[in-house]
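Read the structure below first, then the notes.
The values are calculated or read from the model by the stated rules, or taken from the named source; none is laboratory data. Predicted, not measured: the structure shown is a model, and the values here were computed from it. Don't worry about glycine lacking a Cβ; one is built from the backbone with ideal geometry, like all the others, and counts go over all protein chains shown. Each accessible area value is taken on the protein alone, full model and side chains, heavy atoms only, with ligands, DNA and RNA left out. Shrake-Rupley method; radii C 1.70, N 1.55, O 1.52, S 1.80 Å.
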Amino acid sequence: MSRIIGIDPGLTRCGIGIVTAGATRRVAFEHVEVLTSTADMPLPERIHRIGSSIERLLDGEKPAGIALERVFAQDNVASVMGVAQISGVVMYLAEERGIPVSLYTPNEVKAQVTGYGSADKAQVTTMVTRLLGLAAPPKPADAADALALAITHAWHLGRGGAASRMERFDRPAAGGGETPAQRAWREAESKLGRRRGARS
């Protein structure tokens, strides 16, 4: 049995979902929690608070792999920056411990657990509850999303997938273009710069 940790990264709320999986698509629930920090805390303290808890979980659970939601650009720049900051912490801690990290977009996760890439959060929560045989839906939504990430990765490994998703995501495009991660970060920073300019 392999232990998989799914992480829905965020600075205010960071969902953690842990499942175990065998050679088949059958997964079993292990643990779920949501790590939190508040906006009135200094940024370094917030990152340290979330990071320390993730470090505790990685050392205690010793997972075979981590499924991390992929950073993507959106209108809420503050939110995407928080996601990127915590994602960086996760990758650093995982690399130190030799734990492979795989990145999944929200639509990939939705398609895996519900069969529909545009499913809403309620549908994802319902399917996670059913797939893991839980007595009650995991709450808040960050908890269900983290478990959905872990399930997606467990199924990916069950089909013979390897931890090469990170390489595909970070590898420059043919001709030396930007990676999706670099493009998302540049777009987020560009939006933030425009908003700062408008306020000055």
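Farther than 17 Å from Val19 by Cα and either modelled with pLDDT under 95 or touching a helix residue (DSSP H, G or I) at 6+ places or on another chain (Cβ under 7 Å) (or both): does that describe Arg171? Considered against the rule, which asks whether it is farther than 17 Å from Val19 by Cα and either modelled with pLDDT under 95 or touching a helix residue (DSSP H, G or I) at 6+ places or on another chain (Cβ under 7 Å) (or both), Arg171 comes out as yes.
Which one is modelled with the lowest pLDDT among residues in segment 1-14 that are part of a strand (DSSP E or B) and over 17 Å from Val113 (Cα atoms)? So that I can check it myself, show each step before the final result.
Within segment 1-14, the first condition is being part of a strand (DSSP E or B), and the residues that meet it are 2-8, 13-14.
Within this subset, residues satisfying the condition of being over 17 Å from Val113 (Cα atoms) are 2-3, 13-14.
Values: Ser2: 91, Arg3: 95, Arg13: 95, Cys14: 97.
Among those that are part of a strand (DSSP E or B) and over 17 Å from Val113 (Cα atoms), it is Ser2.
Of the set (1) of a type in the set (Lys, Arg); (2) in a loop (DSSP other than H, G, I, E, B); (3) farther than 20 Å from Ser102 by Cα, all apply to Arg25 but (3). Restricting attention to segment 25-35 and to residues that are touching a residue at least 60 places away in the same chain (Cβ under 8 Å) and farther than 15 Å from Gln112 by Cβ, the residue that is surrounded by the fewest Cβ atoms within 10 Å (Cβ to Cβ) turns out to be Ala28. Residues in segment 37-50 that are crowded, with 16+ Cβ neighbours inside 10 Å and outside any loop (DSSP other than H, G, I, E, B): Arg46, Ile47, Arg49, Ile50. In summary, Gly22 fulfils each of the numbered conditions (1) out of contact with any strand residue (DSSP E or B) (no Cβ under 6 Å at 6 or more places or on another chain); (2) open to solvent by less than 20 Å² (accessible area, probe 1.4 Å); (3) more than 22 Å from Pro140 (Cβ to Cβ) with the single exception of condition (2). Among the residues of segment 1-47, the ones that are within 19 Å of Met127 (Cβ to Cβ), touching a helix residue (DSSP H, G or I) at 6+ places or on another chain (Cβ under 6 Å) and basic (Lys, Arg) come to 1 in all.
Among the residues of segment 51-68, is there at least one that is of a type in the set (D, E, K, R), surrounded by fewer than 22 Cβ atoms within 10 Å (Cβ to Cβ), in contact with an Asp or Glu (Cβ under 7 Å, 6 or more places away or on another chain) and not in a loop (DSSP other than H, G, I, E, B)? No, segment 51-68 contains no residue that is of a type in the set (D, E, K, R), surrounded by fewer than 22 Cβ atoms within 10 Å (Cβ to Cβ), in contact with an Asp or Glu (Cβ under 7 Å, 6 or more places away or on another chain) and not in a loop (DSSP other than H, G, I, E, B).
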